[in-house]
Amino acid sequence: MTFEVGTQYVIDNDARSAHPFALRRSDDTPLLSQSADGEFEDSDAVDWRDDGDTLAFTMTADLAAGLDYYICTVHPSMRGDATTG
């Protein structure tokens with residue numbers, strides 16, 4: 001998955017209870033997460049929102065600098081690389 005700095009993303013995740021979404025650092029620290037407290041969830045610039053079925057955030061330079069991968073936090077094999085362009 002490739003993200004662009006300055007872009008707001010809205011992701012529909014109707015399967016949140018079975019497949020919560022997270023963005024993480026290479027050391028597994030959550031940056032944004034539907035199932036844990038993420039490092040950037042209180043950032044005004046990131047503007048993290050999670051209403052259960054839909055999540056939204058803005059990719060900032062600081063968030064991008066730490067981003068390594070995305071994952072389903074229930075199923076660790078459901079994981080992919082995240083890059084910024």
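Read the figures in this text as sums done on the coordinates, not as results from a lab. All values derive from a computational prediction rather than experimental measurement.
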Exercise. Looking at the chain, what % of its DSSP beta bridges pair antiparallel, to the nearest 5?
Worked result: 90
Seminar exercise, completed: Length-normalised contact order of the chain, Cα under 8 Å, at least 6 apart, in percent, tallies to 38
Problem set entry | Karplus-derived HN-Hα couplings along segment 78-83 (A = 6.51, B = -1.76, C = 1.60, θ = phi - 60°), whole Hz, x at Gly and Pro | 8, 9, x, 5, 10, 10
Seminar exercise, completed: For semi-axes √(5λ) of the Cα gyration tensor in Å, with candidates [x] 29, 13, 11; [y] 20, 14, 12; [z] 18, 15, 12, the value calculated from the shown model is option [z]
Seminar exercise, completed: Computed ³J(HN,Hα) along segment 44-60: with the Karplus parameters 6.51/-1.76/1.60, θ = phi - 60°, integer Hz and x for glycine or proline, the list is 4, 5, 6, 6, 5, 9, 9, 9, x, 9, 10, 10, 8, 6, 10, 6, 9
